[in-house]
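For reference, the structure is listed below as structure tokens.
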Amino acid sequence: MNTSWEGRTVGALFVEQAARHPGAEAVVDGDNRHSYEELARDVEVLAHRLVSLGVGREVSVGVLLPRSYELVVSMLAVLRAGGVYTPLNPALPDSRLSALTEDTCPPVVLSRRDLDDRLPELNPAHGVTRVDVAALSAAHRAGELSALPDRHAPEAAAYVIQTSGSTGRPKSVQVGMDSLVNTLTWCRDACGIHEGGRVLHIIASSFDASIRSYLTPLLTGATVVLFPEGPFDPAALLDWLGRERISVFNPAVPSQFHPVVDLAAAEGFRQLSALRCLALGAEPPDLSALRPWIDSDHFNARILNVYGPTEATDIACYAELVTTG
């Protein structure tokens, strides 16, 4: 099998992967488990709807959804339709979201009924169509669909996302498909993400790292496991790591992962035994806090330190800090 993704698009790569292993588990969202066949079907339904609304290359589509299966469907559908994925994290204040929509002017927003009160100015009176993703999938899943051609291109824009604003006012950054695919290729190879792998997703959609965490597994036949939203709970995170047999945690914030390691010590780090790659980012790593796990019989991972600004398509450099024998 050709493992080169150069010159390819996310939409085409996903379609190929879904056809290769339709029955494999693609997304875990709470108690719900979705196969590649189901995900591909829902993506195609929504992509057809987006095309009918005029979405194509360089057309921004806002995605106003929390971390969920519907968000995964929406991201892939936007890229299948040829559009520009524009994440609108509902956890952010309206002022922050409005700044992004003022920059991108999305003619379509994908959301849910319970979020209709967010960004109320994005409505038909202002030339914006809001689509209830959950209702669309449920209503159209049984119908017949023709397969869409690949409507994207390596040189076209793939997504728009805002910087963190740590050095001033957040600004919108547009990233091309070729740059995105290059980053996903790095993530696949550096983190060892492949068929049968299980990748934990814990990053808010307003951070660019969320994009690689969603997409890399789904282009390789792995499973994306969505950690529930809410206040950070290290005990719950440890439970998910163990129960779901997570093999890749990318990225993890050191100050959030350190208490997980402390809790895991009670059972000899058994819950962390399936981890094969831990990518630490956003803060300087402290290996001394991880040393008890590293020295245990249940350490089977490589530990990476990753860094990159939004303008550099998420990752600019990385170092391998620990390699398991």
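Read-outs throughout are calculated quantities, based only on the coordinates presented, and are distinct from any laboratory measurement. Note that the structure is a prediction, hence the values are computed from the model and not measured. Cβ coordinates were reconstructed from backbone atoms using ideal geometry, including for glycine residues, and neighbour counts include every protein chain displayed.
Amide H to amide H, which residues 5 or more places from residue 304 or on other chains are under 5 Å from it, using H placed in the peptide plane?
278, 279, 280, 321
Which distance in nm do the two modelled labels at residue 102 and residue 194 give, with both placed 7 Å along the Cα-to-Cβ direction?
Going by the 7 Å Cα→Cβ label model, 4.9 nm.
Among 255, 204, 219, which residue has its Cα positioned farthest towards the positive end of the charge dipole of segment 203-268, with +1 placed on the Cβ of Lys and Arg, -1 on the Cβ of Asp and Glu, and the dipole taken about the Cα centre?
Working it through, the farthest residue towards the positive pole turns out to be 219.
Spin-label point model (7 Å from Cα, Cβ direction): what's the residue 153 to residue 182 distance in nm?
If labels sit at residue 153 and residue 182, their model points lie 1.9 nm apart.
Projecting each Cα onto the charge dipole of segment 231-322 (Lys/Arg +1, Asp/Glu -1 at the beta carbon, about the Cα centre), which of 289, 264, 315 comes out farthest on the positive side?
264
Residues in segment 172-203, backbone N under 16 Å from the label point at residue 245 (7 Å along the Cα-to-beta-carbon vector): list them, ranges by number please.
Answer for this model: 194-200.
Rank 7, 27, 43 by how far each Cα sits towards the positive end of the charge dipole of segment 1-44 (+1 on Lys, Arg Cβ; -1 on Asp, Glu Cβ) and give me just the farthest.
Towards the positive end, the residue furthest out is 7.
Once amide H atoms are built 1.01 Å from N in the peptide plane, which residues 5 or more positions from residue 26, or in another chain, come under 5 Å H to H?
Distant-sequence amide H within range of residue 26: 34, 35, 36.
One quarter of the convex hull surface, Cα atoms only: what value does that give for segment 231-322 in nm²? List each step's numbers first, then the result.
Working: hull surface 23.5 nm².
So the mean shadow area of the Cα hull is 5.9 nm².
How many nm is it between the label spots at residue 319 and residue 287, if each spot is 7 Å from the Cα in line with the beta carbon?
Computed distance between label sites residue 319 and residue 287 equals 0.9 nm.
So, with +1 on the Cβ of K and R and -1 on the Cβ of D and E, and no other charges, what is the size of the charge dipole of segment 231-322 about its Cα centre, to the nearest 20 debye?
Details: 6 positive and 12 negative charges, 56 e Å.
The calculated dipole for segment 231-322 is roughly 280 debye.
With a Förster radius of 30 Å, plug the Cβ-Cβ distance of residue 265 and residue 229 into 1/(1 + (r/R0)^6) and report the FRET value to the nearest 0.05.
On the way: r = 27 Å, r/R0 = 0.90.
The value I calculate is 0.65.
Rounded to the nearest 5, what % of DSSP beta bridges with both residues in segment 231-322 are antiparallel? Show your work: numbers first, answer last.
On the way: 5 of 12 bridges.
Around 40 percent of the beta bridges assigned by DSSP in segment 231-322 are antiparallel ones.
Rounded to the nearest 5, what % of the DSSP beta bridges within segment 140-287 are antiparallel ones? Could the numbers behind the result be given before it?
Details: 5 of 14 bridges.
The antiparallel fraction comes to roughly 35 percent.
Give me the Kirkwood hydrodynamic radius of the chain, using the inverse of the mean 1/r over all pairs of distinct Cα atoms, in Å to one decimal. Present the calculation step by step, with values, prior to reporting the outcome.
On the way: mean 1/r = 0.0498 Å⁻¹.
This gives a value of 20.1 Å.
Rounding to the nearest 20 debye, state how big the charge dipole of the chain is about its Cα centre with +1 on each Lys and Arg Cβ and -1 on each Asp and Glu Cβ.
280 debye
Show me the ranking of peptides 17-24, 214-221, 296-303 by mean Cβ neighbours inside 10 Å, starting with the highest. Display every interim value, and only then the final one.
Working: 17-24: 15.4, 214-221: 24.0, 296-303: 17.4.
Highest mean packing first, the order is 214-221, 296-303, 17-24.
How big is the antiparallel share of DSSP beta bridges in the chain, given as a percent to the nearest 5?
Values: 14 of 42 bridges.
Around 35 percent antiparallel, to the nearest 5.
Which residues make up the longest stretch of the chain that has no GluC sites (Glu not before Pro) in a DSSP loop with at most 13 other Cβ atoms within 10 Å? If you can, show how the numbers build up before the last one.
Values: sites that count: 6, 58, 121, 144, 155, 195, 229.
Excluding the exposed sites themselves, the longest stretch runs over 230-325.
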